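Worksheet: one structure, shown below.
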Amino acid sequence: MEKTLNRIHPVSDPEATYFLQVSWEKDLGTGFGILLSDCQCAWTGTVSEADISREAADIEIDRQKYVEELRKALIAGEESAGKYNYMIS
């Protein structure tokens, strides 16, 4: 299992710091686990392969392109710094 951990500052609260951990087996396209923490609370969830396919279809984007965008937004770290905004709700 592979994991990444990134520090994010959501646009919804730019002074706050959150840590985003993403874990996956083969690649993000087969599904992944996600953990978000503000160092006081933590929230976890899973995204299935079917969830990814459904979301790509809903927004009418090629599934592989959607998986690549997920990779950039969730696990690329410094490579994607400043290119994605995060909102916590």
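The values are calculated or read from the model by the stated rules, or taken from the named source; none is laboratory data. Everything numeric in this text was worked out from a predicted model, so none of it was measured. Here the Cβ is made from the backbone with ideal geometry for all residues, glycine too, and neighbour counts use every protein chain on show. These accessible areas exclude ligands, DNA and RNA; they are computed on the full protein's heavy atoms, side chains included. Shrake-Rupley method; radii C 1.70, N 1.55, O 1.52, S 1.80 Å.
Pick from L35, L74, L20: which is most flexible by mean-square fluctuation in a GNM of the chain where alpha carbon atoms under 10 Å apart are linked?
L35
Have a look at region 1-69 and give its Rg and Dmax from the Cα atoms, expressed in angstrom.
13.6, 38
On a 0 to 90° scale, report how tilted helix 49-58 is relative to the longest principal axis of the chain, with both axes built from alpha carbons and the result rounded to the nearest 10.
For 49-58 against the chain, the angle is about 90 degrees.
How much area per residue is accessible in region 27-72 when the probe is 1.4 Å and only protein heavy atoms are counted (Å²)?
Numbers: 2950 Å² over 46 residues.
It amounts to 64 Å² per residue over region 27-72.
For the chain, take the longest principal axis of its alpha carbons; what is the angle in degrees between that and the long axis of helix 63-74, to the nearest 10 within 0 to 90?
Approximately 10 degrees, to the nearest ten.
To the nearest 20 debye, what charge dipole does the chain have about its Cα centre, counting +1 at the Cβ of each Lys and Arg and -1 at the Cβ of each Asp and Glu? If you can, show how the numbers build up before the last one.
Numbers: 9 positive and 16 negative charges, 29 e Å.
Once rounded to the nearest 20, the dipole reads 140 debye.
Could you look at the chain and say what percent of its accessible area is carbon and sulfur, using a 1.4 Å probe and all protein chains?
Details: 2960 of 6050 Å².
Looking at the chain in its full context, I get 49 percent from C and S.
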